[in-house]
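One structure is given below, encoded as structure tokens.
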Amino acid sequence: MPVVKTPEDILERIFTPTPKASPAEQAELALRRPKQLIYCALSNRYFFWRQHITKFVLDEGHVPIVPFMLFDYYLLHTVPKETVRSACNNLIVRCDQMWVFGNLSLGVKVQLGIAKRLKKPVRYHDITDMPYRVVSVPEGLLKED
């Protein structure tokens, strides 16, 4: 569940200088403690939430892999759907976890099947109240599209 920040917390964060790591320090940190890669599965019905979902995963301290951010909508239909689906399936194999956002479309169910077959951890999120909040829920609470 996301942490609720008070206006005072936000103002303090804005006006408190934070030391920034140099590019070399950032690279060293990534080498020593790589962040988890999170495959974000969502129906094309939620395409317009792709940036909010990306931000949510970044805010949780992970690296989001959001197909709609990588390939837009099948690269504006300039690439066969099968090519993009194959790329997405390969990304699922390489990611550490899968997070599902919103209801389960046929495509999301297929992707979920790949993750489960590989025994990847899966988290489910209700995005009904997006952009205000994302709620972690059990699998059974998500509906089918």
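Every number in this text was worked out from the coordinates using simple rules, so none of it is lab data. All values reported here derive from a predicted model rather than from experimental measurement. Ideal geometry is used to build each Cβ from the backbone, glycine not excepted, and the neighbour counts take in all protein chains shown.
Hey, what did the chain get for relative contact order, percent, Cα under 8 Å, at least 6 apart?
On the way: 172 pairs, mean separation 36.1, N = 145.
Reported as a whole number, the value is 25 percent.
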Residues whose built amide H sits under 5 Å from the amide H of residue 137, excluding neighbours closer than 5 in sequence, are 124, 125, 126
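Of the DSSP beta bridges with both residues in region 34-141, give the percent that are antiparallel, rounding to the nearest 5. Provide the component values of the computation, followed by the final result.
On the way: 3 of 15 bridges.
Roughly 20 percent of the DSSP beta bridges within region 34-141 come out antiparallel.
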Please give the calculated 222 nm ellipticity per residue for the chain, where each DSSP H segment of at least 4 residues contributes -39500 (n - 2.57) and the sum is spread over every residue; nearest 500 deg cm²/dmol?
-12500 deg cm²/dmol
Using the Karplus equation 6.51 cos²θ - 1.76 cosθ + 1.60 (θ = phi - 60°), what ³J(HN,Hα) coupling, rounded to whole Hz, does each residue of region 36-49 give in order, writing x for Gly and Pro?
5, 8, 10, 7, 9, 9, 8, 5, 5, 5, 10, 3, 5, 9
Tell me, how many Å apart are the Cα centres for region 51-74 and for region 102-141?
14
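Of the listed pairs 5/119; 5/120; 35/81; 119/143, which have alpha-carbon separations greater than 24 Å here?
Numbers: 5/119 34 Å; 5/120 31 Å; 35/81 30 Å; 119/143 22 Å.
The pairs that break the limit, which is 24 Å between Cα atoms, are 5/119; 5/120; 35/81.
Given a cut-off of 26 Å, what percent of all Cα-Cα pairs of the chain lie beyond it? Don't skip to the end; give the middle numbers.
Numbers: 3397 of 10440 pairs.
That fraction is 33 percent.
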With θ taken as phi - 60° and the coefficients 6.51, -1.76 and 1.60, list the Karplus ³J(HN,Hα) couplings across region 81-91 in order, rounded to whole Hz; mark glycine and proline as x.
4, 4, 5, 5, 4, 4, 4, 4, 4, 5, 5
Once phi is turned into ³J(HN,Hα) by the Karplus curve 6.51 cos²θ - 1.76 cosθ + 1.60 with θ = phi - 60°, what whole-Hz value does each residue of region 112-119 show in order, with x for glycine and proline?
4, x, 5, 4, 5, 4, 8, 6
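About its Cα centre, how strong a charge dipole does the chain have in debye, to the nearest 20, once Lys and Arg get +1 and Asp and Glu get -1 at the Cβ? Write out the running numbers ahead of the final one.
Values: 20 positive and 15 negative charges, 108 e Å.
Around 520 debye, computed over the chain.
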Counting Lys +1, Arg +1, Asp -1, Glu -1, what net charge surrounds residue 53 among other residues with beta carbon under 14 Å of its beta carbon?
+1
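Going by average Cβ neighbours within 10 Å, how do the peptides 119-130, 69-80 rank, with the highest at the top? Could the numbers behind the result be given before it?
Details: 119-130: 15.1, 69-80: 12.2.
In decreasing order of mean packing, 119-130, 69-80 become 119-130, 69-80.
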